[in-house]
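Shown next, in structure tokens, is the structure this report addresses.
The values are calculated or read from the model by the stated rules, or taken from the named source; none is laboratory data. Keep in mind it's a predicted model, so treat the numbers as computed, not measured. Using ideal geometry, Cβ is built from the backbone for each residue, glycine included, and neighbour counts are taken over all protein chains shown.
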């Protein structure tokens, strides 16, 4: 046999040959013998490779000991675009992260810009302004809710005062933005939220004492928490300030 | 045929249960290391690849879909890790075909003349003497059952070049069996 035929024989063995080559091989007793020999050789090679590399019986445990400390806390921590966006979205709702603050500032600038243009383009500008305002208030309420839950549970007290100050500033800006608006329920909610945030903003140094406004334990303030959640839902579902 | 670990253990590992993942490591460690060794013929590199494979597997286990066998998914990670490892080791996989051919023709001669070695040793040396490209091609195609097209894609070479590489590698290995390959 010439080398070309050997190559075809190998392709037949690997199940990658044309039907014509397979037929030609099957018709020739010599080719069939060569194919048998090739198969036998490949089996020997395969078995020899298996025997070449012996591992101890407890190799699995040894390997586990090597990698156990290097595994991430949870699966799925590989870096990927999806995870990047997930982290970004998580960052946006964490009040202590400046990213959220920056996003809010950008949103407010947009609101102010659109508000400044409302006289020239009243019909479409009004709707867009409402939507942007609704989305930013929703973000603010989410951050406030997380913050208040954290401090009530005794978490995040280290930065409580500065976070509360930032949230308080945002709260007042949104109240002002709503002054010329019909959103009396939203305005009322922000009005009630303000003293709570104010107390944390001016509260005792963190970790020594919690301000008195540990409001989640108070019946009235639990109702306020419920109203924050309900308002967030309303804004998320309808983009409409009520 | 590889024994599969039960689906429940995989699901527990997907949920972040490290003890369940430990069972997966215990179950597949030998197979992963052996496959890594086939690609590298180097125990130390095989060990590194095995560790890397399981760390990657844990990171990506949420993306595993039960429609494929878990062992198939894990061996695919092993193959990718081994090829990455060889690439990082500065072995020019796709560009050194001709060089590798010349270099290993010399090595083949050395092996063939060494009569006192038994068959297994000769085959081991022959496998080590293959170029990385040849060894990857044989392992992917013969041991792992990938198609020539998939193998060629991984090696970044054309399908015909992949066939030639396989043919050359098998010829070198069969030479150690004293089989008459070319009339």
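Table for the structure above
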{"item": "Those helices (runs of 4 or more DSSP H) lying entirely in region B:117-178 with at least 2 residues modelled with pLDDT of 90 or more", "result": "B:132-138, B:148-155, B:159-175"}
{"item": "Subset of region A:10-33 [surrounded by 15 or more Cβ atoms within 10 Å (Cβ to Cβ) and over 55 Å from the mean Cα position of the chain (by Cα)]", "result": "A:24, A:25, A:31"}
{"item": "Search result, residues across region B:56-72 that are more than 10 Å from chain A (Cβ to nearest Cβ) and buried (at least 19 other Cβ atoms within 10 Å of the Cβ)", "result": "B:70"}
{"item": "Selection count where residues are at the interface with another protein chain (Cβ under 9 Å from one of its Cβ atoms) and in contact (Cβ under 8 Å) with a residue 12 or more places away in the chain, scope region B:39-51", "result": "4"}
{"item": "Filter pass, residue B:78 being modelled with pLDDT of 95 or more and away from chain A (no Cβ under 11 Å)", "result": "yes"}
{"item": "Given (1) more than 21 Å from residue B:83 (Cβ to Cβ); (2) more than 9 Å from chain A (Cβ to nearest Cβ); (3) without any contact (Cβ under 8 Å) to a residue 60 or more places away in the chain; (4) within 23 Å of the chain's Cα centre (by Cα), index of the condition residue B:36 fails", "result": "(1)"}
{"item": "Test result for residue A:51, surrounded by fewer than 18 Cβ atoms within 10 Å (Cβ to Cβ), in contact with a helix residue (DSSP H, G or I) (Cβ under 7 Å, 6 or more places away or on another chain) and within 9 Å of chain B (Cβ to nearest Cβ)", "result": "yes"}
{"item": "In region A:163-181, the residues that are assigned to a helix (DSSP H, G or I), touching a residue at least 24 places away in the same chain (Cβ under 8 Å) and farther than 16 Å from residue A:232 by Cβ", "result": "A:163, A:164, A:165, A:166, A:168, A:173, A:177"}
{"item": "Per-region count, region A:54-82, residues more than 7 Å from chain B (Cβ to nearest Cβ), modelled with pLDDT under 55 and part of a loop (DSSP other than H, G, I, E, B)", "result": "2"}
{"item": "Unmet requirement for residue A:25, which otherwise passes all of (1) at pLDDT 85 or above; (2) more than 9 Å from every other protein chain (Cβ to nearest Cβ); (3) part of a helix (DSSP H, G or I)", "result": "(1)"}
{"item": "Which listed residue, of B:37, B:64, is outside the structural domain of residue B:139 (by TED's automatic domain parsing), at pLDDT below 95 and closer than 19 Å to residue B:154 by Cβ", "result": "B:37"}
{"item": "Test: residue in region B:141-150 that is closer than 22 Å to residue B:71 by Cβ, buried (at least 23 other Cβ atoms within 10 Å of the Cβ) and touching a residue at least 24 places away in the same chain (Cβ under 8 Å)", "result": "yes"}
{"item": "Filtered residues of region B:3-33 (kept if part of a loop (DSSP other than H, G, I, E, B) and within 11 Å of chain A (Cβ to nearest Cβ))", "result": "B:15, B:16, B:17"}
{"item": "Single condition residue A:85 does not satisfy, out of (1) at pLDDT 85 or above; (2) out of contact with any helix residue (DSSP H, G or I) (no Cβ under 6 Å at 6 or more places or on another chain)", "result": "(1)"}
{"item": "Number of positions in region B:57-76 that are part of a helix (DSSP H, G or I) and within 15 Å of residue B:145 (Cα to Cα)", "result": "6"}
